[in-house]
Amino acid sequence: MKAAFYTKETIGSIGMKDRGFPIFGIGDMIIVSQSIKEAGKERLQAFQGNVIKMHKRGISTTFTVRKIADNGIAVERIFPIFSPLVKEIKVLSKGDVRRAKLYYLRHRVGKAAQVKQVVETKATMKKRQSTGNETVVASE
């Protein structure tokens, strides 16, 4: 059975629109607000961590976020971009990485498990915007 891949045009025609999320990529520290339903009530739950993986497949695009919980145990969650449960994404900092998948962080502890952060100045932001060198666009 051949898998169906949706293009931007197909997604737009079936009713999926650009979610308006900020541009983020591998290694970035983000906060994902997800809608949770408990006992007849609905609330937002925030999940903060590093993006370690992106899976770009049109409408089924997902990203994996990894965080270290209070007790030192690592937790990874996979979020679909086009899910109505994902309400908001905030980018806290940009990561400076050379890999597409950061699976090596799973085997590191403490400071070794941190991702080097990019310090952006006005000049680097201007240069990046003029060349269009964004790592990942959330609406793809």
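The values are calculated or read from the model by the stated rules, or taken from the named source; none is laboratory data. Small disclaimer: the values here were computed from a predicted structure and weren't measured. All Cβ positions, glycine included, derive from the backbone under ideal geometry; neighbour counts span all protein chains shown.
Would you confirm, using the coordinates I've provided, whether Ile36 is in a loop (DSSP other than H, G, I, E, B) and not charged (D, E, K, R)?
When the stated conditions are applied, Ile36 does not pass them.
So which pairs qualify, if the first residue must be in region 118-134 and under 17 Å from Gly95 (Cα atoms) and among the β-branched types (Val, Ile, Thr), the second must be outside any helix (DSSP H, G or I) and modelled with pLDDT of 70 or more, the Cβ gap must be under 6 Å, and the two must be at least 6 apart or on different chains?
Close Cβ pairs (under 6 Å, with a partner that is outside any helix (DSSP H, G or I) and modelled with pLDDT of 70 or more) amount to Val118/Lys94; Val118/Asp96.
Just to be sure I understand, how many residues within region 54-84 are aliphatic (A, V, I, L, M) and surrounded by 14 or more Cβ atoms within 10 Å (Cβ to Cβ)?
Within region 54-84, residues that are aliphatic (A, V, I, L, M) and surrounded by 14 or more Cβ atoms within 10 Å (Cβ to Cβ) number 6.
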